[in-house]
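Here the structure comes first, spelled out in structure tokens, and everything after it is commentary.
All of the numbers you see were taken from the coordinates with simple rules; none came from a lab. In this text, all values refer to a predicted model and were calculated from it rather than measured experimentally. Here the Cβ positions follow ideal geometry from the backbone for every residue, glycine too, while neighbour counts run over all protein chains shown.
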Amino acid sequence: MGAGRAGPKPRLAAAVLAGLLLLCIIIFGGGKPAALQKAGDASCTCDSSSPSAEPTAGHRQEGKQLTELAADFTMNDLYGAAQYTGLLRCSGSLTLTDEQMAAARWGDAPDLALTAEQLACAGAAASASPTGCCLSNASIRPNTTDATVFRAVFKEHGFFYLYGMPPLINDHPRYILDAGANVGFTSLLLSLLYPDATIVSVEPDPGNFAQLQKNVAGRKNVHPLNVGLWGWATQIAVKAKAGEWGYVFEEVPTGQAGMPAMSVKDIMARFDIPSFDILKIDVEGAEGQVFAPTADLSWIRPLDGQFIIMEVHPTFAPHFGLAGEELTARVDRALRQFVHRRNGEHDLYFSTSLLN
């Protein structure tokens, strides 16, 4: 942990370029990208161009079931558990109709109302069939990072460690917070994996929030909330932007208009939630405020089954009047009693009670 953490979306330039290339393929024709196919193509059923999408003729993929988390577990253990569930075969494809393809070519579609297929879900984990993955509606804005986020969540399985983690399977999380929910694809995944959980999805940007509402429409266990996450109730405004997934906010002076921000405890009170079992916090540097010395951190449960997924952004710290080392130190101090692992951009914090 510490100052070596990733900055503002390390793959931002590549992701934006990929998003622009994706849009160019849609607009100008040519070969169809793997994650975005025209409706009716056989390849939409199971896209085998991705190594994680190889079906096994009615059997679970290779891997090892975890019945408990050992104290010395590795991310490879969790990947093997994800393989065992079979959820890695769900290859995350988007389909377009001929009409949508034509509208996209001519720039007549402000966003695309698509069908998302082959999504990882609890039903797929219980099924031995390679066609047992789930369907949902998806809304994608052309020429944005929306399609890249969908790909990261569903096609590249950015949250694979959730699939086969024994404590989460056995104890069924009741309350989940998705802070920095963007356009809602992580919230959609959480809803599919944990259909009985109450999920609060927090996103301050109005444009992203509108997409979030579309992408979780019909998911009765997801509760979108158009606010930011902070260490206390306040008003915030956009200070910087790095793509639709990279809004940096700042607190505005008292009496000045802005967007509302709430603390974790405020959100718990609003929805009458006793405690969150899973928290995903990706708030572009505002984690320095969420874990500030003056913030109420009584929601943290290092000894009681809590799992926290973080993206820490020390390079955004100057926007909040902090050095990068101080921002990461605030997170480290607050979560020092958790067991820490790292996977890509994600810092993962496991309550000690989740381990054997």
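Residues with amide H under 5 Å of residue 343's amide H, sequence separation 5 or more or different chain, H placed in the peptide plane at 1.01 Å from N; which? Here 348 satisfy the definition. Arranged from fewest to most other beta-carbon atoms within 10 Å of their beta carbon, 330, 174, 89 become 174, 330, 89. Counting beta carbons within 10 Å around each of 265, 64 and listing the fewest first gives the order 64, 265. Segment 286-311 and segment 165-229 have their alpha-carbon centroids 18 Å apart.
Taking amide H as placed 1.01 Å from N in the peptide plane, residue 69 has its amide H under 5 Å from the amide H of 356, each at least 5 places away in sequence or on another chain. Annotation: average projected area of segment 199-256 is 4.6 square nanometres, based on the convex hull of Cα atoms across all directions.
Each peptide in 292-298, 207-213, 67-73 gets a packing score, the mean of other Cβ atoms within 10 Å over its residues, and the list from highest to lowest is 207-213, 292-298, 67-73. As a proxy for reagent exposure, ranking 157, 172, 319 by other Cβ atoms within 10 Å from fewest up yields 172, 319, 157.
Note on segment 210-356: Kirkwood radius taken over Cα pairs, Stokes-Einstein applied at 4 °C and 1.567 mPa s, translational D equal to 80 µm² s⁻¹.
Taken about its Cα centre, segment 143-290 carries a charge dipole of roughly 300 debye when the Cβ of each Lys and Arg holds +1 and the Cβ of each Asp and Glu holds -1. Here the Karplus curve 6.51 cos²θ - 1.76 cosθ + 1.60, taken at θ = phi - 60°, turns the phi angles of segment 311-323 into couplings of 10, 9, 10, x, 6, 8, 3, x, 5, 10, x, 10, 7 Hz, with x standing for Gly and Pro. Here's how it looks for residue 137: its modeled amide H is under 5 Å from those of 116, which are all 5 or more places away or on a different chain.
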